[in-house]
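Here, each number is a calculation from the coordinates, and none is a lab measurement. Because the structure is a prediction, the values reported are computed rather than measured. Every residue, glycine among them, receives a Cβ derived from its backbone with ideal geometry; neighbour counts consider all protein chains shown.
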There are 2 protein chains.
Amino acid sequence: MKRSIPTKRTTIYDLAELAGTSASAVSAVLNGNWKKRRISSQLAEKITRLAEEQGYALNMQASVLRRERSKIIGMIVPKYDNRYFGSIVEQFEALARERGLFPIITCTRRDPALEIEAARAMLSYQVDCLIATGATDPDRIADICSAAGVRAVNLDLPGSRVPSVISDNFAGALELTRRVLANCEREFGEKAPLLFVGGRGTDHNTSERVRGFRAAHAEAGVAVDETLVLTCGYAPEKAENAMKAMAEKVGTLPRGMFVNSTISLEGVMRWIRRSGHYADRIPHLGCFDWDPFVAMLGDHIEMVRQDVPRMLDAVFEIIDSGASDLKVIQIPPIVEQTG
Amino acid sequence: MKRSIPTKRTTIYDLAELAGTSASAVSAVLNGNWKKRRISSQLAEKITRLAEEQGYALNMQASVLRRERSKIIGMIVPKYDNRYFGSIVEQFEALARERGLFPIITCTRRDPALEIEAARAMLSYQVDCLIATGATDPDRIADICSAAGVRAVNLDLPGSRVPSVISDNFAGALELTRRVLANCEREFGEKAPLLFVGGRGTDHNTSERVRGFRAAHAEAGVAVDETLVLTCGYAPEKAENAMKAMAEKVGTLPRGMFVNSTISLEGVMRWIRRSGHYADRIPHLGCFDWDPFVAMLGDHIEMVRQDVPRMLDAVFEIIDSGASDLKVIQIPPIVEQTG
DNA sequence: CAATTCTGCTTCATCGATTGAGCAAGCGAG
DNA sequence: CTCGCTTGCTCAATCGATGAAGCAGAATTG
């Protein structure tokens, strides 16, 4: 049963010979437009049966090479290590498949160079459209796509060259901060500024969330403590180190925190546990992102969950409609019920 | 700047014309074997420069069509909603890219039909090799691949037609069960059978883990309570419902549980919280899988983490070496330190 | 100086599917 | 019986890259 010579794949020419007909008839039958090409249903049936019997599989490379559109759609994503990106990818695949598109995905691990390389690779594979998710430099990717005449859409982080779909970070952060401030006031009886930790100060999402954070403080009549705004990056270690440094600097530790992603929360929680600073009283947390186990961590954590289904619907609406106006669509995130 | 006619892509023929040479020279230069083909370095340089200037990108579809091997490697994965599969996919991409292979991944959401369809789609794209991860029917996929002369490897769940890489489920479950039994005995002073929940009784992993679970009970001289073995599927809702049904049936609730994946744990935790049955004393848990936030849930949870890096190294070792003996490689999982 | 080798290319068939153009047979109308 | 139309196909070019085979002209050898 073992053969070192790989079974030569069946082609339309093989089928044509078997059916005593031409390759073009076979092609027409197998890609469904045999009616347009006036092939008799008898021949169509015969060819279909033969294809089945021979285990024929279309050679996409050949097909795509010849066709105008490839029906391949690409997505670039930073990581697979959290629920947010996980559900983005899963949803993306489902919606693509629904439309008869073939999804290909690349994880760039937040590496800007890999991001560009991945975009180029996707173009080489003739994607019809590329979705850049959480890209560090979405405009660069958009430029590369535009040079190849390929449509692009930004997701999660906005760009200025192609349409973008993002969460309403300001509104989400505003509400989240409000809640944490209220929780703190309820428990400790006084208003005090919160800590903001995680994210890159230069990225749109983080700056919008900081803006919401500030707005909520202003609303409550609390002055933001600038030494407590730690946009140190997303990685757990970075958040952990930033917390450590912060604790050494400030007099009294904040009683409430705004954590900018579950990834950063991992580091924050680690620090809280290891440092022992909060052994007496657990701080109130707000996390911009959702995770089922974080939700179980206790009722001192509020979460804002980005609305992935609506975000991806918006992405595909742009793709389906062929729209290319440079709008940024903001999807309101969902404030999770605690408890 | 907006053009409805997509910029015609530069091809090697365009470059050839610009360089006043032939397409085959361009091809030789751009795919790096111009020395073999005795192209002068002057011409090589000129072509390289032109390619750069014109933003030339290889058409992979054309290239793959012509070549013997596609250098595309496929992976089928059930879900993206947990750390285990997330890191599998991330690692897979990294290792593939390291080898100059182009990874394509499809998420089947545990749907057997989609699994087959996805495998066929990958074959249509001429993958050189397909990794079936956690497939419900790995042998079916292996057969489809073999008919096309494509190599396959099973990951996470073993099959009988191609090599497999899995966790040492028995050993992991044995150790995990031991620990939970010990934790229960320490706290409650008596030995009592644990609950097993999650997974499909028919899948290899689950049955091996149940075997480990039983072996640990036997070792401790505790009889397994058969009404407490709930292989109800992985989904959170299934685990939750199984717990509910179990609670209505048994007299005293188990004080310790073996939970077969973080996914199932989600349902178990939900039930524990909602039912209120464990309001007085938290049960001791063992989870076969790892998640950072589960680890933070408390010191009453033990976890076994599957060794994804080693598993994928093993997969690529099989691929690199071209081995096709039907062995099942078992990778010992890592017992996480609690606290 | 003729014979050979080497250099640096070009030519052309090929991979498999797609599709516009075209062709032969059949049929109905005039 | 002929013209025109329909039916049911086939032919051949094409997509872009690849590489075996071949071919001038220069360089080297005996």
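Here are a few things to note about the model shown:
- When only alpha carbons are used to place a centre, the range A:318-332 and the range B:118-194 end up 41 Å from one another.
- Per-residue mean of foreign Cβ neighbours for B:179-188 is 0 (Cβ atoms of other chains, 10 Å radius).
- Each of the peptides B:307-313, A:270-276, B:253-259 was scored by the mean count of other Cβ atoms within 10 Å over its residues; in descending order, highest first, they stand as B:253-259, B:307-313, A:270-276.
- Legend: mean number of C-beta atoms from other chains within 10 angstrom of residue C-beta atoms, peptide A:124-131, equals 3.
- The ellipsoid equivalent to the alpha-carbon distribution of the range B:1-83 has semi-axes of 31, 20, 12 angstrom, derived from the gyration tensor eigenvalues as √(5λ) and listed largest first.
- The local environment of B:LEU101, defined by Cβ-Cβ distances under 11 Å, has a net charge of 0 under the rule Lys, Arg +1 and Asp, Glu -1.
- Separation of the A:ARG109 and A:HIS277 label points, Cα + 7 Å toward Cβ, nm: 3.1 nm
- The rotation axis that maps chain A onto chain B passes nearest to the beta carbon of this chain A residue, listed with its distance in whole angstrom: A:PHE293, 2.
- Distance between modelled label sites at B:ASP325 and B:ASN31, nm, 7 Å Cα→Cβ extension: 3.5 nm
- The Stokes-Einstein estimate for the range A:106-195, based on a Kirkwood radius over Cα pairs and taken at 20 °C with 1.002 mPa s viscosity, is a diffusion coefficient of 140 µm²/s.
- Sorted from greatest to least, the principal axis extents spanned by the alpha carbons of the range A:246-339 come out as 56, 31, 16 Å.
- Flagged links, alpha-carbon separation over 20 Å, of A:LYS79/A:LYS238; A:LYS8/B:LYS71; B:LYS79/B:LYS238; A:LYS79/B:LYS79; A:LYS36/B:LYS8: A:LYS36/B:LYS8
- Residue with peak Gaussian network fluctuation, chain A [Cα springs, cutoff 10 Å], from A:LYS244, A:LYS35, A:LYS79: A:LYS35
- Per residue of peptide B:137-146, the mean number of Cβ atoms on other chains within 10 Å of the residue Cβ is 1.
- Charge tally for A:SER321 (other residues, Cβ to Cβ under 14 Å; Lys, Arg +1; Asp, Glu -1): -1.
- MRE, 222 nm, helices only [DSSP H, n ≥ 4, -39500 (n - 2.57), over chain A, to nearest 500]: -14500 deg cm²/dmol
- Converting the Cα gyration tensor eigenvalues of chain A into ellipsoid dimensions via √(5λ) gives semi-axes, longest first, of 53, 20, 17 Å.
- Each DSSP beta bridge with both residues in chain B is either parallel or antiparallel, and the antiparallel ones are about 10%.
- Copy-to-copy label separations for B:VAL328, where each label sits 7 Å from Cα toward Cβ, in nm and ascending: 5.3
- Förster-model FRET efficiency, 35 Å R0, A:TYR13 and B:THR202, C-beta, rounded to 0.05: 0.25
- Restricting the calculation to Cα atoms, every distinct pair contributes to the Kirkwood radius of the protein assembly as shown, found to be 27.8 Å.
- Cα-based helix-to-principal-axis angle, B:83-98 vs chain B, degrees rounded to 10: 20 degrees
- Rg ratio (alpha-carbon, reference 2.2 N^0.38 Å) - the range A:12-58: 0.97
- Gaussian network model of chain A, springs between alpha carbon atoms under 10 Å - residue of A:GLN61, A:GLN42, A:GLN306 with greatest fluctuation: A:GLN42
- Value in Å of the Kirkwood radius, where the range B:169-305 supplies the Cα pairs that are averaged: 14.4 Å
- Local net charge near A:PRO236, Cβ-Cβ under 14 Å (Lys/Arg +1, Asp/Glu -1): +1
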